[in-house]
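> Quick one: structure below, then a few questions.
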C-alpha cells in the first residue's frame with residue numbers, strides 16, 4: 001500500500017506504508033535509488049528528479065538530475081514538499097514558512113513571510129500555498145520577482161482531510177475553525193466526530209514570537225514583535241537590553257511638542273507631569289480672554305526638569321521614546337487665537353492638547369502620547385500588521401475625527417495634510433487624527449474646496465489601507481476599480497474575511513473620494529455615513 005505517489009518524466013515513485021521509497025518506469029534507474037533503503041515521510045518530484053524527507057533523520061534528500069534541485073537546504077526539516085519544472089519548495093517544520101530552491105530560483109522572489117502555510121503546490125514557475133492564519137491562497141513566482149498577472153480566488157481552502165481520529169497525537173493538533181473568526185463556520189468537517197489533524201509549529205516567522213505553545217486543540221500562536229512587552233520575548237525579537245528597558249518605561253511617558261517663534265521643534269518626552277496648582281502668571285504673553293477648557297498651564301521649569309534639560313532635542317521624527325510633532329507659531333494675539341481653538345477641540349478620535357507653556361519666549365504644547373504609533377508604521381514599517389477588522393475600525397474612527405473637525409468645530413478646521421502618518425493609534429488601538437490646525441486665520445476658512453481637499457486625501461488613505469502600498473497606489477488602483485476589478489487591489493498578505501464585499505465597497509468609496517472633479521466627491525459627513533454602512537454590513541466590533 002502506498003501512502004504517497006509522485007511522477008516525473010518517465011518514472012513514478014511511491015512511499016509505502018512502512019516509508020520505503022520505491023520507483024519504477026523506463027527512466028527510474030537514472031534517479032540513482034538502487035542502494036537507498038532509507039524510509040521517507042514526504043515526497044515530491046520534478047521532471048527528472050525526486051526529493052523526499054528522510055523518516056529516520058528528518059533531513060531532505062534529492063536524487064536524479066542535480067540541475068533541477070541545485071543546492072539542497074541543509075539542516076532544515078520539512079513537513080511538506082512540492083516541485084515545479086526545475087524548482088522545489090517546502091514547508092519548514094519549525095515555523096511553517098516556505099523555502100524554495102533549484103535552478104534559477106530568485107532569492108528576491110521568496111514566499112510571503114507574513115504567514116505560515118499548511119499546504120503548497122507548484123507549477124512550472126509558480127507556487128501556491130494555503131495560509132495557516134486564514135486558509136486563503138497565496139501565489140508567487142519562483143524564478144523572478146514580477147507580479148502575477150492574475151489573482152487567486154478569494155475562497156477558503158481546506159487545510160487537510162477530515163478523519164475520525166479522536167486524538168491527533170504528539171506533535172499534531174486538531175484544526176479549530178474558530179481562528180477564522182467566522183461566526184457561521186464552526187467546523188470544516190461534516191460531522192463533529194471528525195478532525196483535520198495538522199503538524200504543530202514550534203517557532204514563528206521573523207518579526208513574530210510564540211506567545212503560546214501548541215496543544216491538542218490549537219497550533220502555537222505567533223504574535224508580532226511590536227507587541228513584545230517582557231523579557232520572555234526579547235531574545236526571539238532581538239530587542240537589545242538597553243532598548244527593552246526604555247520600552248518598559250514608554251507607557252508612563254507623555255509626548256511634548258516644543259514650538260518657538262522661529263524654530264520648528266525639538267524632541268522631548270514628558271514623565272507624568274502635573275500642572276502647578278498655582279502657576280506663575282503669564283503676564284504679557286497671552287490675553288486673559290483665552291478659554292483654556294480642560295487644558296493645563298505648565299511651567300517651563302517643570303518641563304525642563306521632566307525632560308532632563310531637553311537632552312533629546314535632536315531626535316526629530318520617530319525616536320527611541322516615541323513620536324515628534326512640529327509646527328510654527330507666530331507671536332502675539334495670533335498665538336492666543338490658535339491656542340484657544342486647540343484648547344476647545346476635544347474628541348475621542350483627535351490627538352487632544354493636554355497643556356501648554358509660554359515662558360521666556362518659548363512656545364510649548366503638550367499632547368497625548370500615542371503608544372501604538374502611526375497607521376503608516378503599521379502598514380509599511382516594523383510595527384504589527386493590522387487585520388481587516390482593525391483596518392476598517394481605524395478608517396471609521398479617522399473619518400469621525402475629520403468629520404468633527406469639518407462640522408463640529410467653530411470655526412471649522414481644515415486639516416490639509418491627511419495621510420497615514422498623521423493617523424495615530426492610542427493605547428486601545430483607536431485612531432486619532434493629528435497634526436491639524438496651527439495655521440493663520442486667513443488660511444483657515446470653511447471653503448468647500450478646502451474640505452474637498454481633505455476628502456481627496458482621505459480617499460488616498462483608504463486606497464493605501466486596502467493595498468498596503470504608498471500613496472502612489474491611486475495611479476493604478478483607481479482604473480482597476482472603475483473597470484469593476486476592485487478585488488485586484490486588495491492586500492492578500494492579510495487574512496481575508498469570508499465576506500469580502502465590504503472591502504470592495506470600500507474601494508468604490510475611495511474611488512469617489514479621489515475623483516479629479518471636486519464637485520463629484522462626497523462631503524466628509526456623507527463619506528462617514530457610507531463608511532458606517534460598509535462596516536455594519538461586513539463586520540461587528
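No value in this document is a laboratory result; all are computed from the given coordinates. If you're wondering where the values come from, they're calculated on a predicted model, not measured in any experiment. Note that we place each Cβ from the backbone using ideal geometry, even for glycine, and neighbour counts take in every protein chain shown.
> How high is the relative contact order of the range 375-538, in percent, with contacts defined as C-alpha pairs under 8 Å that are six or more residues apart?
Details: 213 pairs, mean separation 42.8, N = 164.
That works out to 26 percent.
> Could you give the nm distance between label points at residue 536 and residue 429, where each point is 7 Å from its Cα heading toward the beta carbon?
Computed distance between label sites residue 536 and residue 429 equals 2.4 nm.
> Can you tell me what share of the DSSP beta bridges in the range 158-239 is antiparallel? A percent to the nearest 5 is fine.
Antiparallel bridges make up about 100 percent of those DSSP assigns within the range 158-239.
> Determine the distance separating the Cα centre of the range 189-227 from the Cα centre of the range 121-150; give it in Å without decimals.
22 Å
> With the crude spin-label approximation of a point 7 Å out along Cα→Cβ, what separation in nm comes out for residue 9 versus residue 194?
If labels sit at residue 9 and residue 194, their model points lie 4.0 nm apart.
> Expected output is a single nm value to one decimal: the length gained when fully extending between residue 344 and residue 177, i.e. 0.36 nm times separation in residues minus the C-alpha distance. What is it?
Once the chain is fully extended between residue 344 and residue 177, it gains 55.3 nm.
> Moving to a separate point now. Using the beta-carbon distance between residue 99 and residue 59 and R0 = 22 Å, what value does 1/(1 + (r/R0)^6) give for FRET efficiency, to the nearest 0.05?
Working: r = 14 Å, r/R0 = 0.63.
Calculated value: 0.95.
> Tell me the Kirkwood hydrodynamic radius of the range 1-72 in angstroms, computed as one over the mean inverse distance between distinct C-alpha pairs. Present the calculation step by step, with values, prior to reporting the outcome.
On the way: mean 1/r = 0.0841 Å⁻¹.
Kirkwood hydrodynamic radius for the range 1-72: 11.9 Å.
> Could you calculate the FRET efficiency of residue 29 with residue 215 from 1/(1 + (r/R0)^6), where r is the beta carbon distance between them and R0 is 30 Å, rounded to 0.05?
Efficiency computed from Cβ-Cβ geometry: 0.05.
> Same structure, new question: On a full-extension model of 0.36 nm per residue, what is the gain between residue 416 and residue 163, subtracting their alpha-carbon distance, rounded to one decimal in nm?
Gain on extension, residue 416 to residue 163, equals 85.2 nm.
> Right, here's the next one. Using 5 Å bins from zero, what percent of all Cα-Cα pairs in the range 158-239 falls into each bin?
3, 15, 21, 19, 15, 12, 8, 6, 1, 0
> In what sequence, highest mean first, do 224-230, 430-436, 8-14 appear when ranked by Cβ atoms within 10 angstrom?
On the way: 224-230: 16.1, 430-436: 21.7, 8-14: 19.0.
Highest-to-lowest ranking by the protection proxy: 430-436, 8-14, 224-230.
> Multiply the residue gap between residue 150 and residue 85 by 0.36 nm, knock off their C-alpha separation, and tell me the result in nm, one decimal place.
Between residue 150 and residue 85, full extension yields 21.4 nm more.
> Shifting gears a bit: Sorted by mean Cβ packing within 10 Å, highest first, what order do the peptides 413-426, 133-146 take?
Output ranking for 413-426, 133-146: 413-426, 133-146.
> So how do 365-377, 489-501 stack up, highest first, on mean other-Cβ count within 10 Å? Don't skip to the answer; put the middle values down first.
Values: 365-377: 20.7, 489-501: 17.8.
Output ranking for 365-377, 489-501: 365-377, 489-501.
> Quote the FRET efficiency, to the nearest 0.05, computed for residue 476 versus residue 519 with a Förster distance R0 of 22 Å and r equal to the Cβ-Cβ distance. Don't skip to the end; give the middle numbers.
Details: r = 25 Å, r/R0 = 1.13.
The pair residue 476/residue 519 has a calculated efficiency of 0.35.
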